[in-house]
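Colleague: Okay, handing you the structure first.
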Amino acid sequence: MSITVRGGAPVTDRPTVRLAGHRRHGVAALVAAWLLPCTTHPLGIDWVWPPVVLLGVMSLIRGGTTILDRLILAVAQLFGAFCVAGLIISVWPWHLHPVPIVGTALTALLVIAAVTGRRPRLPVRLPPTDIAVWSATVAVAALTVIPFALRDLGARIGMVAPGEDMARHFLLYDMIGKIGGYAFLHRTVPAGYGTGMRDYPQGTHLLYAVLDRFARSAERNADGVTAMNILLWCHLGTYLFFVLAVLWAARRVSGPGPTAATLLPVLVGVAGVLYFGDLLTLFLRGYPNELLGLALVAILTALLARPLAGPCEQLVTVTALLVGVSFTYHLFLPYAVVVTAVWAWRARSTLRRVPRFCGAAALFLPFTLLMPLENRPAGTPTLLLAMGTAYASDRSVLVLALLTALLGLATGGGWRSPARRLLTVAVAVAVAMVAALLTYQYAMVGHSVYYFEKLVHMLLVVTLVAVGSVARRLPRVWFDTTGVARRLTPGIAGAFAVTLFMAGLGGRWHSDPFGSHGVRYAVGMEQGSPAGGRLAVAVAEIYPDGAGAVTVMLARTPYANFYATLFGAAMRRDYRDGEGWYVFLSPAGRPRTVADMEAKVRASPVRIRLIVGNPLASFLVVDPEHPHRPVRGPGVDPASFGDPAALTNVEAAEFLAQRYPGRVEIVRLKP
């Protein structure tokens, strides 16, 4: 008995042929994953790969139904995986070279596609609610990017200079580029950097260092001025992603019911707080870690309240977010862990159905402890009492946001919804953390300080996410429905009223006309110290490596000299010796005498280069216990800060150069 098949081929041959075809395609894709990066690197176009990898992750995700969902989820998953992969990147022989990083990333995507059986696919629909989120984000982006792009590098440095932290963030980002990975894995710090930032959470800095390599198609660090410019653009991008993440999170917790028209008032109000309120100061003061940490907190809060349809995708994303929070700003990690634990307990029956993924998530959770344990001082009570340069939070806006969120969560039977109940828990946990730290700080020093304001920022972001629930209380209408304008007018008018009020009356107590940081930044009034930034750039270009001497700025006003010394030392990579001098020059610090300055010169382990210019510039006093300063007013040069009876900066420099001719060098700039 014989069996034949039409066409002459046995049935059993078809799966074999199909499998062989899949193997050939897989091998070809694997070869291309390494060959293409090897081609783009010599051409200097490595910058194409970060968006390609991001699109690859987006195409394999199935948890999001829109392109915006996929983007947010892909960034969350990719960043968490990147933080863990950074441990390998730090020790493998190629370090931050773009080719092996891209090759490994593309290989990982191919493996995931093969294991899951997924093929690249992106959603094509763009729902009106997503258009509303994108529109609000673009509006904030225009108000942020245009003033930034119109500034030169010196003015951009001057903008973030009052926060002082950006100089130290530069050091860590540059140090990671220098050693090729996480600084805490390398106990020997390169000369000139200092050790103060080595154990700081480094996920953001590693990301910036890698993006720098791809932007320049380079294998080594750029000069200090170029590296600072790239860092500041990365910082701007972080703020814009933060805005998008919070607006997306508010849209997600609003649920499927609200339309774009009913969601619009909520998004306008949230965007107004993000730009005209306190949170813009995180960009202006130079806190990139906190911005990225808050973005991850917003995404996590929204996903715990309204989980993804697939428990496996949910577990992967939540785990990645916990790792990301730990590697960026682990002050927020207790909030993230507690709220995640509440969600996991509620979803325990669902999670039992995917034990393998729960086990895999459990393997990655220890990575969340790595940064807190490595950065042990950050968990000590002493550091929680540290002073800083953060602006005091706007208490009235915070209270208004809390009341608005409570309105959306509690009214109309809102607590019957599991999403609303978890959001209520999230807000309560954030409030409890703020209250606990406030109680501790008042008990120890009698007032709130730096890290209290950071936790208030977290509370405000969690509250703004919860404000998205208000959309369900607004009329469910469409733009083409009769009577839309009449029904939407109260909500839109209220949102715009809040936004215009914050823009028109800024400051902590809303008593300063047009004192909003957003308004001042947009019109060019929020400048910081552009003179200090430009002076730092100019001297860093003249002495890119310090030339064996620490450079001290005495050429301009006190704050310009202070910031120029700080940022100049960072860009020249001689911060170890320059740190003491920038502290010495602080206008808010102890008054200094020429004897103090002479003692500082004698104690310096390297030569001192004094940059002088304005002959009227001064900062020294005769009696530090009773300092005499010039009275500000017409005809008084702002650079004249010292006692008229003391030496001017030029005179002090000449005096020291004469006393220590082999130790002190004078460089004169035009006044």
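The values are calculated or read from the model by the stated rules, or taken from the named source; none is laboratory data. Just so it is clear, the model here is predicted, and its values are computed rather than measured. Note that each Cβ is placed from the backbone with ideal geometry, even for glycine, and that neighbours are counted across all protein chains shown. Surface accessibility is based on the protein's heavy atoms, side chains included, excluding ligands, DNA and RNA. Shrake-Rupley method; radii C 1.70, N 1.55, O 1.52, S 1.80 Å.
Colleague: So, in segment 605-619, how many residues would count as being in contact with a Phe, Trp or Tyr (Cβ under 9 Å, 6 or more places away or on another chain) and either of a type in the set (A, V, I, L, M, F, W, C) or surrounded by 22 or more Cβ atoms within 10 Å (Cβ to Cβ) (or both)?
Modeller: 4
Colleague: Hey, could you check segment 587-599 for residues that are open to solvent by less than 30 Å² (accessible area, probe 1.4 Å) and of a type outside the set (Val, Ile, Thr) and say which is farthest from residue 658 (Cα to Cα)? Working first, answer last.
Modeller: Of the residues in segment 587-599, the ones open to solvent by less than 30 Å² (accessible area, probe 1.4 Å) are 587, 591, 593, 597-598.
With the extra rule that they be of a type outside the set (Val, Ile, Thr), the set shrinks to 587, 591, 597-598.
Working: 587: 26, 591: 24, 597: 14, 598: 12 Å.
Step by step, filter segment 587-599, then rank; the result is 587.
Colleague: Mind listing just one residue for me: the one in segment 409-434 that is farther than 18 Å from residue 342 by Cβ and open to solvent by 40 Å² or more (accessible area, probe 1.4 Å) and, of those, modelled with the lowest pLDDT?
Modeller: So, considering only residues that are farther than 18 Å from residue 342 by Cβ and open to solvent by 40 Å² or more (accessible area, probe 1.4 Å), the one modelled with the lowest pLDDT is 412.
Colleague: Another one. What are the residues in segment 641-670 that are closer than 28 Å to residue 549 by Cβ and either among the small types (Gly, Ala, Ser) or at pLDDT below 90 (or both), if any?
Modeller: 642, 646, 652, 653, 657, 662, 669, 670
Colleague: Follow-up question, since we're still on this one. In segment 26-46, which residue that is of a type in the set (Val, Ile, Thr) and open to solvent by 40 Å² or more (accessible area, probe 1.4 Å) is nearest to the chain's Cα centre (by Cα)?
Modeller: Going through the qualifying residues, I end up with 45.
Colleague: Now a separate question. Please go through (1) touching a helix residue (DSSP H, G or I) at 6+ places or on another chain (Cβ under 8 Å); (2) at pLDDT 95 or above; (3) more than 30 Å from residue 257 (Cβ to Cβ) for residue 149 and return the number of the only condition it doesn't satisfy.
Modeller: Only one criterion in (1) touching a helix residue (DSSP H, G or I) at 6+ places or on another chain (Cβ under 8 Å); (2) at pLDDT 95 or above; (3) more than 30 Å from residue 257 (Cβ to Cβ) is unmet by residue 149, namely (1).
Colleague: Might you check whether a residue that is in contact with a Lys or Arg (Cβ under 9 Å, 6 or more places away or on another chain), closer than 30 Å to residue 231 by Cβ and hydrophobic (A, V, I, L, M, F, W, C) occurs anywhere in segment 615-630?
Modeller: At the first step, the residues of segment 615-630 found to be in contact with a Lys or Arg (Cβ under 9 Å, 6 or more places away or on another chain) are 617, 619-621, 624.
Okay, now just the ones that are also closer than 30 Å to residue 231 by Cβ, so 617, 619.
Going one step further and asking which of them are hydrophobic (A, V, I, L, M, F, W, C), we end up with 617, 619.
Looking through segment 615-630, at least one residue is in contact with a Lys or Arg (Cβ under 9 Å, 6 or more places away or on another chain), closer than 30 Å to residue 231 by Cβ and hydrophobic (A, V, I, L, M, F, W, C).
Colleague: If you don't mind, there's one more thing I want to ask. Just to confirm my filter: which helices (runs of 4 or more DSSP H) fall fully inside segment 127-239 and include at least 3 residues that are touching a Gly at 6+ places or on another chain (Cβ under 6 Å)? Walk me through it before giving the result.
Modeller: On the way: elements: 128-150, 153-160, 165-179, 203-216.
The helices (runs of 4 or more DSSP H) meeting that bar are 153-160.
Colleague: It is to be established whether one or more residues within segment 630-640 are at pLDDT below 95, β-branched (Val, Ile, Thr), farther than 26 Å from residue 155 by Cβ and not in a loop (DSSP other than H, G, I, E, B). Reasoning before the result, please.
Modeller: Taking segment 630-640 first, the residues at pLDDT below 95 are 630-640.
Then keep just the ones that are β-branched (Val, Ile, Thr); that gives 631, 636.
Adding the requirement that they be farther than 26 Å from residue 155 by Cβ leaves 631.
Now restrict to residues that are not in a loop (DSSP other than H, G, I, E, B): none.
Taking every residue of segment 630-640 in turn, none turns out to be at pLDDT below 95, β-branched (Val, Ile, Thr), farther than 26 Å from residue 155 by Cβ and not in a loop (DSSP other than H, G, I, E, B).
Colleague: Considering each of 164, 219 in turn, give the residue that is farther than 23 Å from residue 523 by Cβ, open to solvent by 10 Å² or more (accessible area, probe 1.4 Å) and under 16 Å from the mean Cα position of the chain (by Cα).
Modeller: Details: 219 fails: under 16 Å from the mean Cα position of the chain (by Cα).
Every option except 164 fails the conditions.
Colleague: Oh, and also: Report yes if residue 276 is among the aromatic types (Phe, Trp, Tyr) and modelled with pLDDT under 95, otherwise no. Lay out the reasoning, then the answer.
Modeller: On the way: among the aromatic types (Phe, Trp, Tyr): yes; modelled with pLDDT under 95: yes.
Yes: the conditions hold for residue 276.
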